[in-house]
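Computed from the coordinates by the stated procedures, all read-outs in this text should not be read as laboratory data. Bear in mind that the values here come from a model prediction, so they are computed numbers and not experimental data. So basically every Cβ, Gly included, is an ideal-geometry build from the backbone, and we count neighbours across all protein chains shown.
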Amino acid sequence: MCWSAIARGVVLACALVACGALDKGSSPTIRRERRVLSEPIVGPVRREKQLSVAVSPTAELLTAVRAKPRPNKLPSKRSIQIQYPFYHTSDELKAEIAHLASTCQDSLTVSAHSDGDVTLDVVTVRRRAAGAEPINRVFMLFGEHSRELIGPESGLAMLRKLCQDESSASVLEHSEFQLVLNANPLSRVRVEEGEYCLRTNPSGVDLNRNWDMKWQGDDGHEDDTAPGPRPFSEPETRIMRRLVSKYMPTTFVSVHSGTRGMYMPYAYDTSVLAKRNQPRMLAILKELDADHCHCPYGAAGQEVGYACPGTCLDWVFAKLNSSFSFAFEIYVGSDHGRGLQHRWEEKLREGGAKLLDDGHHLGHEHFKDLFSDHGSDFVGNSLVDAAAAGDPPSCFALFNPTTKESYDNTVSNWASAYIETAEKVVLSMQRESSQEEGNENTAGDSPVEEQKDEEPI
């Protein structure tokens with residue numbers, strides 16, 4: 001045999017080993033990254049210019065993922081790559097979205113928006129068909145609290161439905177979607193490495209207390225609900241403010257975990273209920289509850305019995321005049337979840353259902369002990385954190401499913417719930433439009449007194 005041929009064979013074998021093709025003992029992390037990044041990355045690109053915002057196309061996003069230096073050491077034994085491999089890392093979320101952009105039967109585009117060293121990826125889905133005119137613009141926000149990994153996973157599952165399931169995609173006839181899947185990217189990386197109790201951004205600020213809606217200054221918070229030195233002091237919330245202000249959503253949805261509940265404005269006070277559009281929002285939550293949650297629903301502050309000033313839920317509703325604004329808490333550890341559902345159903349049987357039908361809210365004395373026993377991570381009361389007690393495995397199990405079966409059930413249920421929310425909003429809008437036309441036709445028969453909106457802004 002020619003020695004040059006042998007040499008070439010040795011070089012080729014070494015190259016294959018270096019690439020991992022012959023390394024049967026390569027780590028799960030390396031195999032997993034190679035699988036994800038091998039997917040197609042070319043997709044529709046939307047370029048735009050706006051003040052203080054950097055926008056890059058879909059292909060460039062994944063190029064950045066590939067170019068990012070990888071540590072030589074194996075991931076920590078506590079990392080999600082080892083402990084919970086059915087979850088996606090931040091890079092894998094980017095790759096999944098890039099793949100959907102190249103294959104989506106409707107138009108899915110990705111853009112990157114930056115402020116300082118923080119960059120948020122934004123996904124927009126709308127119908128390609130000519131003449132499509134969505135009446136419902138849905139903005140969805142996931143991952144404000146970095147330890148709540150199940151939220152972004154449910155958002156990704158919804159995107160797959162919109163792109164791959166024809167029956168689900170029918171919602172795009174009247175609705176379009178814009179999503180931020182990872183609203184706290186720098187802290188999320190630390191969570192992925194095993195810091196499963198981390199809720200705030202790297203500056204220690206609770207992003208869901210940093211919005212300029214009844215914001216209350218930092219009075220020496222030492223927990224993870226610190227609102228920051230001023231409204232929109234954080235790059236993450238400044239980016240989100242620009243996004244929603246430009247998009248002007250009809251429907252806004254903020255997704256969390258740590259309990260199960262479905263909220264509407266207002267969160268900043270325990271005694272203030274939204275007047276504008278309140279019956280229509282409550283009716284949608286009631287219908288969703290029956291099919292997807294079996295959990296408390298209503299005004300956020302009154303529901304959980306704790307004031308939560310400075311939330312995106314309140315800001316978008318009051319400042320942007322969005323018609324529908326919701327916050328969904330989609331998961332709590334199985335022991336807590338069973339207890340919550342049992343107590344909720346018990347409260348309904350003991351007269352709670354009639355109270356709600358008669359127009360009472362969940363701040364009623366009848367429900368008081370329910371919320372003292374079951375906290376909320378959206379509000380950030382101490383009951384949730386006390387249950388986890390700073391132990392990373394306990395934190396993960398409280399906010400996120402720990403088995404593949406529970407994970408699959410949760411993301412499938414809530415992906416469907418998000419789509420149904422958009423469908424129910426459209427039906428509500430269409431009914432209101434029909435009623436308005438009817439009122440116009442009978443306006444000469446009886447005068448109608450206009451209802452004034454007395455909500456605080």
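Listed values, structure above:
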{"read-out": "Separation of alpha-carbon centers, segment 168-205 and segment 95-131, rounded to whole Å", "value": "14 Å"}
{"read-out": "Three-way shape call for segment 175-232 based on the alpha-carbon gyration tensor, with the a/c threshold at 1.5", "value": "oblate"}
{"read-out": "Sequence ranges 190-198, 153-161, ranked by mean other-Cβ count within 10 angstrom, highest first", "value": "153-161, 190-198"}
{"read-out": "Environment charge at residue 279 (Cβ cut-off 11 Å; Lys +1, Arg +1, Asp -1, Glu -1)", "value": "+3"}
{"read-out": "Relative packing of 239-252, 278-291, which averages over residues the other C-beta atoms within 10 Å, highest first", "value": "239-252, 278-291"}
{"read-out": "Extension gain from residue 102 to residue 320, taking 0.36 nm per residue of separation minus the Cα-Cα distance", "value": "75.2 nm"}
{"read-out": "Leading residue at positive end of dipole, segment 139-226 (Cβ point charges), from 140, 207, 156", "value": "156"}
{"read-out": "Listed pairs 161/286; 275/424; 77/404; 214/286 exceeding 22 Å between Cα atoms", "value": "161/286; 214/286"}
